[in-house]
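Peer 1: Please see the structure below; I have some questions.
What follows is calculated from the coordinates using simple rules that are stated; it is not laboratory data. Everything quoted here is computed from the prediction, not taken from an experiment. Positions of Cβ are generated from backbone atoms using ideal geometry, with glycine treated the same way; all protein chains shown enter the neighbour counts.
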Amino acid sequence: MVDSATDANPLPRHVAVIMDGNGRWARERGEDRVFGHAHGVESVRAMVRAAGELGVEFLTLYAFSTENWSRPKEEVNALMELLVRSLAGEVEELVSQGVRLRSIGALDSLPDSCRKALRDVEERTAACTGLNLILALSYSGRWEITEAIKGIVRSGIKAEAIDEEGLRQFMCLPDVPDPELLIRTSGEQRLSNFLLWQLAYSELHFTPVMWPDFREDHFRAAIHEFRGRERRFGRTGEQLHHATNAGES
């Protein structure tokens, strides 16, 4: 691991993950896609443990996109049932680890059983002060931006009064900082309509590891790589150095 004294970046406060590859992982084993989703639950447990141990403050998992509703009904129903079982089964562990569960997305489109399970776990973990685990459910980045614009219009804010920070207040969870790091598993290299606004300056880490095989060592390796990168935000390294040291005697 990179020595903390020579790391280019501090530990990321917020890590976002696109959990990809469940279906392909299952097909390679002669099973249906739901088999892969079920085995992916252990990877979620591993990420929560690792993030909490490292001191990451926010972990956002892309659990179900708005596009996923177009999948076969049997698969969608099985995913919803798996979500309910997982939430009910993990709540005690989340509380013991100090993990607070939050959720973003078009949650009204979820089945009643899923919404109830989410509410129950969110209420039971609301006082937890450790890792914020955020599930993106029935979510897409374009949906979120569209909803934010609708909120601005309904509020009656004048066009000339709108700025980036004002728009942010109408996004999901405006109190949560943007992810410094995005991880996507399975070898795919695209954002797939995830956190389009928030990922503007995030570092991207793509790994060929399928989500059901993704474990703490893989997560720590992604953090290690992130901390060794030079983040420029459109500026040169020299400009960043001068900006960082501005005002020093």
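Peer 1: Taking springs between alpha-carbon atoms closer than 10 angstrom, which of Glu93, Glu160, Glu230 fluctuates most in the Gaussian network model of the chain?
Peer 2: Of the options given, Glu160 has the highest mean-square fluctuation.
Peer 1: Give the dimensionless ratio obtained when the Cα radius of gyration of the stretch 41-127 is divided by 2.2 N^0.38 Å. Let's see the in-between values first.
Peer 2: Working: Rg = 13.4 Å, N = 87, 2.2 N^0.38 = 12.0 Å.
Here the answer is 1.11, to two decimals.
Peer 1: Taking R0 as 41 Å, what's the FRET efficiency between Glu53 and Arg232 from their Cβ-Cβ distance, rounded to 0.05? Intermediate values should be presented prior to the final figure.
Peer 2: Working: r = 30 Å, r/R0 = 0.72.
FRET efficiency, Glu53 to Arg232: 0.90.
Peer 1: Still on this structure: Tell me, in nm to one decimal, what length is gained between Arg124 and Lys158 on full extension, where the rule is 0.36 nm per residue of separation less the Cα-Cα distance?
Peer 2: 8.3 nm
Peer 1: When you have a sec, figure out the Kirkwood radius of the stretch 117-187 from all distinct Cα pair distances and drop it here in Å to one decimal?
Peer 2: Details: mean 1/r = 0.0671 Å⁻¹.
Result for the stretch 117-187 stands at 14.9 Å.
Peer 1: Take the chain, connect every pair of alpha-carbon atoms lying under 10 Å apart with a spring to form a Gaussian network, then pick out the residue of Phe170, Phe214, Phe58 with the largest mean-square fluctuation.
Peer 2: Among Phe170, Phe214, Phe58, the largest mean-square fluctuation in the Gaussian network model of the chain belongs to Phe170.
Peer 1: In terms of the ratio Rg/(2.2 N^0.38 Å) built on C-alpha atoms, what value belongs to the stretch 1-83? Intermediate values should be presented prior to the final figure.
Peer 2: Numbers: Rg = 16.2 Å, N = 83, 2.2 N^0.38 = 11.8 Å.
Cα Rg divided by the expected 2.2 N^0.38 Å: 1.38.
Peer 1: Can I ask one more? Could you identify which residue out of Asp108, Asp120, Asp163 has the top mean-square fluctuation in a GNM of the chain using Cα springs shorter than 10 Å?
Peer 2: With Cα springs under 10 Å in the chain, the top fluctuation among Asp108, Asp120, Asp163 is at Asp163.
Peer 1: Right, next: Only sites in a loop by DSSP and with at most 10 other Cβ atoms within 10 Å count here; which trypsin sites (Lys or Arg not before Pro) in the stretch 115-212 make the cut?
Peer 2: Lys158
Peer 1: Let me ask something else. Can you give me the pair-distance distribution of the chain, C-alpha pairs, 5 Å bins, whole percents?
Peer 2: That works out to 1, 6, 12, 16, 18, 17, 13, 8, 5, 3, 1, 0, 0, 0, in percent per bin.
Peer 1: If you place +1 on the Cβ of every Lys and Arg and -1 on the Cβ of every Asp and Glu, how big does the dipole about the Cα centre of the chain come out, in debye to the nearest 20?
Peer 2: Using only the charged Cβ atoms, the result is roughly 440 debye.
Peer 1: What is the dipole size for the stretch 94-144, taken about its Cα centre, with +1 at each Lys and Arg Cβ and -1 at each Asp and Glu Cβ, in debye to the nearest 20? Walk me through the numbers on the way to the answer.
Peer 2: Values: 7 positive and 6 negative charges, 18 e Å.
Here the size comes out at about 80 debye.
Peer 1: From the mean inverse distance of alpha carbon pairs (Kirkwood) and the Cα radius of gyration, derive Rg over Rh for the stretch 148-196.
Peer 2: Reported Rg/Rh, Kirkwood definition of Rh: 1.11.
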